[in-house]
Amino acid sequence: MDGFAFIDGHLHAERVRMSTIAERAGTPTFVYSAATLRDHVRKLRAAFAPLDPLPCFSVKSCPNLSVLRVVAVEGCGMDVVSRGELRRALAAGVEPSRIAYAGVGKTRESLEEAITIGVGCLNVESAEELELVARVAAELRRPISLALRVNPDVDAGTHRHTTTGTKATKFGVGVERAEELFERLRDHSFARLEGLHLHIGSPVLDTSRYAAAIDVALALIERLRRRGHAIRVLDLGGGFGADYETGQSPSPQAYADAIVPRVLPLRDQGVRFLLEPGRFIAANAGVLLLRVVRVKREATKTFVICDAGMNALLRPSHYDAFHFIWPAEPRDGLVPTRRAIETGLAGLAPCDVVGPLCETGDYLALDRSLPPLREGDLLATFTAGAYGMSMASRYNAQPLPAEVLVDGDRAALARRRESLDELLAHETDPEALA
Ligand code: LLP
């Protein structure tokens, strides 16, 4: 399910009209549905119930504190990849023991912080990082549970920018080196290498790719076991898809069917499981509201120019991603029948939906059939909850969008819009450095 639907011809977030939100919060604004966030967490947990995993919500997908609080209350830990994300997870009230910390570029400071606060699982991405973590843990005399991110050399079959499990990418350690690294830390007093971490890409729409990666990890776990290394944690990563178009993504159960039977025997051996879902939980829990600034007609083209474009939602431009777009208050009852390129409705006309920035790549949709639009119309860009605001920029000195969280019939401002003064706030008085 998701919480965004046309009721009597008006787009609502749960029970709140989107036009009301736009009037009060302005545009561009990301609107999130709390009920949808909760529903997605529940569905994932239900599908993976035989493993009783800790779902660590991937903060990078939607880092707003109000969103993090909703998923934390629903039972999620957090997957973080920076000190900033760690700060957010802690500010949302998440226990350090429920935090998994990944990332190829953790600095000494970030490792010190992660070890000191005692994150539940520190996912190590290289032999070099492992050496440093072990040294820092010994200096601090603090125990830390480590998982080695292994690179299974499995192609996730997704966009090249978001494929992370092949040898050509910077992520994880080749399985052939893993045993040697476990040996190196065998008797370390503080750094306990006792887990494996897998994350092959995002989104992974072919569930057999998980199976292939897990098979590589299972063979490694067996080899490690024979050498006396017990694996206690298996972090299965994220990458579960979301429906950008109706019916596009496998269900949570389909993912579980590919994953659970393979790893279930490990549960009896005392292995704990982590998942790191981001997109599955957040993508369809968010809509980006935009206002049409101008409808420009030139020769054969119509450009619907909105008050934000790639600065608010980079995905169409960066990944050629499809996002369904529709007016929030369509005229003549032109309500869409599903989220896909509409072909069945009369009265649509093709247009490019673009932003105000000075780049040709600043678009949200090209050659898209939409109902006739006018200046001042409100447009909804769907499936924008994941990797929307988190990848937004201030390019062309555009303030970041506002964020609103809807829960039932209540809408609350979850991040206020930046002012123009705030855009200048970091650079008023030049300070001498040298
Ligand atoms: N775990 C790790 C180690 C990750 O790197 C990621 C995502 C996740 C979990 C969560 O993946 P998810 O469940 O959300 O698929 N900006 C891109 C997606 C980049 C994903 C980066 N890592 C996009 O907009 O499609």
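The values are calculated or read from the model by the stated rules, or taken from the named source; none is laboratory data. All values derive from a computational prediction rather than experimental measurement. Cβ atoms come from the backbone with ideal geometry, glycine included; neighbour counts cover every protein chain shown. To get the accessible areas, we keep the full protein, side chains included, count just its heavy atoms, and leave off ligands, DNA and RNA. Shrake-Rupley method; radii C 1.70, N 1.55, O 1.52, S 1.80 Å.
Quick notes
- With respect to (1) open to solvent by 30 Å² or more (accessible area, probe 1.4 Å); (2) assigned to a loop (DSSP other than H, G, I, E, B), the lone exception for G238 is condition (1).
- Only residues that are touching a Ser or Thr at 6+ places or on another chain (Cβ under 8 Å) and within 12 Å of the ligand (Cβ to nearest atom) were counted in segment 152-164, giving 5.
- In segment 276-306, the residues that are acidic (D, E) and within 16 Å of the ligand (Cβ to nearest atom): E276
- Here R69 passes the criteria (1) away from the ligand (no atom under 12 Å from the Cβ); (2) not in a helix (DSSP H, G or I) except the one numbered (2).
- Of all residues in segment 385-400 being assigned to a loop (DSSP other than H, G, I, E, B) and near the ligand (Cβ under 10 Å from one of its atoms), the one that is nearest to G26 (Cα to Cα): G388
- Sole residue being open to solvent by 20 Å² or more (accessible area, probe 1.4 Å), free of Cβ contacts under 8 Å to residues at least 24 places away in the same chain and either within 13 Å of the ligand (Cβ to nearest atom) or more than 23 Å from L266 (Cβ to Cβ) (or both), chosen from A138, A168: A168
- Against the list (1) more than 14 Å from the ligand (Cβ to nearest atom); (2) within 28 Å of D257 (Cα to Cα); (3) open to solvent by 40 Å² or more (accessible area, probe 1.4 Å), the condition R227 fails is (2).
- A single entry from D243, D187 fulfils the requirement of being more than 13 Å from the ligand (Cβ to nearest atom) and either at pLDDT 95 or above or hydroxyl-bearing (S, T, Y) (or both): D243.
- Condition met for S82 (within 16 Å of the ligand (Cβ to nearest atom) and open to solvent by 10 Å² or more (accessible area, probe 1.4 Å)): yes
- Within segment 64-79, the set of residues being surrounded by 20 or more Cβ atoms within 10 Å (Cβ to Cβ) and touching a residue at least 24 places away in the same chain (Cβ under 8 Å) comprises N64, V67, L68, V70, V71, C76, G77, D79.
Here's the yes/no breakdown for (1) surrounded by 15 or more Cβ atoms within 10 Å (Cβ to Cβ); (2) hydrophobic (A, V, I, L, M, F, W, C):
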| site | (1), (2) |
| --- | --- |
| R15 | no, no |
| P28 | yes, no |
| D39 | yes, no |
| P55 | yes, no |
| C62 | yes, yes |
| G105 | no, no |
| E112 | yes, no |
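- Yes/no for L236 being away from the ligand (no atom under 13 Å from the Cβ) and touching a residue at least 24 places away in the same chain (Cβ under 8 Å): no
- Scanning segment 275-285 for residues that are in contact (Cβ under 8 Å) with a residue 40 or more places away in the chain and out of contact with any Phe, Trp or Tyr (no Cβ under 9 Å at 6 or more places or on another chain) turns up nothing.
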